[in-house]
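Please treat every number below as a calculation from the coordinates, not as lab data. Since we're looking at a predicted model, the values are computed, not measured. Because the Cβ atoms are built from the backbone with ideal geometry, glycine has one as well, and the counts that use them run over all protein chains shown.
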């Protein structure tokens, strides 16, 4: 799968031993019990404004369910040998979840690339999502369109001829139920404005392949997000929002936003806002902030991250991961070192057959560096 991700810019990964019905139920229970929400009926609640349905509250980044999912999707990506991480480090990046209600329509986005302004020259950033629906989801993209330098933010394809060329090459990729899409952030893709035929569920995921020791947004910022359980920046550098920027510009949205805020969120998060209009004059309304407070600020933190959960969010060559939803113990993961890579190159240059070093998965009785009871290589 590594060669496909490198050549086409995307790959579909099945998640093994994945009890989808159980996970979907836990996903819904997580949303219903977010610390920021009042007691919510998952069949009725609209947890975020706008049509896309990606949540921006702090709980949607730090709930124990999501911390577990980060480990599972990362393990499955490594087991499938999709990343060219030999001699490099991996950092798991924060990303959102999506709960798009039936009938909601995401805003159409022009063909674009999602580029990380914070990425270093040789970093490779991947995004994607895990499909938690019972039916297929779809990704509209131009395969093999990712061979461009790193850039900054949401990069629209604006050149008319280039845009026409890419539009003629867009294909619809199927992401089956219980499978994960992983794609290079530089891949050209688009968001299609199609109304949801049912409630849609996704867990977005992101990784950074790097030679750096510092996290993408620095150690201080990353530690603050983890320790205070705050709203982190996305890999693009954007701040997740609870409602679109344009919502507050239109008076028709003011009353619905106030009603939604009061009905959905705890009182501590519903604030007075002064709105000025040439038609209505100055009005005082209540609504949630577009960027929400940390869980520490409202005194409703989940359990603290353990040392492995913290380490996962910084560049690493060795870590411990839960391999499946039902796993009771983590498994040790180690990436090939630069020495392993150099040795491989030396042997290959002699003309002898050599296999590129693979990620190692190691099972042991402890999560410390002790003699291992079982070892096997990822990738056959």
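In whole Å and largest first, what semi-axes does the C-alpha gyration tensor of the chain yield when each eigenvalue is scaled by 5 and square-rooted? Don't skip to the answer; put the middle values down first.
On the way: eigenvalues 278, 126, 74 Å².
Taking √(5λ) for each eigenvalue gives 37, 25, 19 Å, largest first.
Using 0.36 nm per residue, how much length does the chain from residue 33 to residue 280 gain when fully extended, once their Cα-Cα distance is taken away? It would help to have the intermediate numbers written out before the result.
Details: separation 247, 0.36 × 247 = 88.92 nm, distance 3.73 nm.
Roughly 85.2 nm would be gained on extension.
What are the equivalent ellipsoid semi-axes of the range 1-40, built from the alpha-carbon gyration tensor (square roots of five times its eigenvalues), in whole angstrom, biggest first? Each step should come with its number before you reach the end.
Values: eigenvalues 236, 41, 6 Å².
One finds semi-axes of 34, 14, 5 Å for the range 1-40.
To make sure I understand, if each residue's beta carbon is the centre and we count other beta carbons within 10 Å, what order do 18, 52, 94 fall in, fewest to most?
On the way: 18 19, 52 16, 94 24.
Exposure proxy ranking, most exposed first: 52, 18, 94.
Could you work out [θ]222 nm for the chain from helices alone, using -39500 (n - 2.57) per DSSP H run of at least four and dividing by all its residues? Round to the nearest 500 deg cm²/dmol. List each step's numbers first, then the result.
Numbers: 9 runs with 87 residues, N = 380.
Only helices count here, giving -6500 deg cm²/dmol.
Please identify, among 57, 227, 349, the residue showing maximal mean-square fluctuation in a Gaussian network model of the chain using a 10 angstrom Cα cutoff.
Sorting by GNM fluctuation, first place goes to 349.
Averaging sequence separations of C-alpha pairs under 8 Å and six or more residues apart, then dividing by the length of the range 247-288, give the relative contact order as a whole percent.
Numbers: 41 pairs, mean separation 15.8, N = 42.
Answer for the range 247-288 is 38 percent.
Please report 28, 41 as a ranked list, fewest other C-beta atoms within 10 angstrom at the top and most at the bottom. Show your work: numbers first, answer last.
Values: 28 18, 41 7.
Going from sparsest to densest Cβ surroundings: 41, 28.
Compute the angle between helix 219-228 and the longest alpha-carbon principal axis of the chain, please, reported from 0 to 90 degrees and rounded to the nearest 10.
60
Explain nothing, just the number: relative contact order of the range 1-122, from Cα pairs under 8 Å at least 6 residues apart, as a whole percent. If you can, show how the numbers build up before the last one.
Values: 89 pairs, mean separation 39.8, N = 122.
Relative contact order comes out at 33 percent.
Enter the angle in degrees (range 0 to 90, nearest 10) between the Cα long axis of helix 338-349 and the first principal axis of the Cα atoms of the chain, meaning the one along which they spread out most.
In the chain, helix 338-349 runs at an angle near 50 degrees to the longest axis.
Could you work out which residue, out of 111, 42, 82, moves most in a Gaussian network model of the chain, that is, has the largest mean-square fluctuation with Cα springs under 10 Å?
Comparing 111, 42, 82 in the GNM, the peak value goes to 42.
Provide 79, 214 in ascending order of the number of other Cβ atoms located within 10 Å of each residue's Cβ, fewest first. Display every interim value, and only then the final one.
Values: 79 20, 214 14.
Fewest to most other Cβ atoms nearby, the residues stand as 214, 79.
State the Cα centre-to-centre distance between the range 1-67 and the range 302-321 in whole Å.
A separation of 19 Å, based on Cα centres.
Using only alpha carbon pairs under 8 Å that are at least six residues apart, calculate the relative contact order of the chain and give it in whole percent.
Numbers: 778 pairs, mean separation 89.7, N = 380.
Once divided by the residue count of the chain, the mean separation gives 24 percent.
For helix 254-264, what angle does its Cα long axis make with the longest principal axis of the chain, in degrees from 0 to 90 and rounded to 10?
Around 60 degrees separate the two axes.
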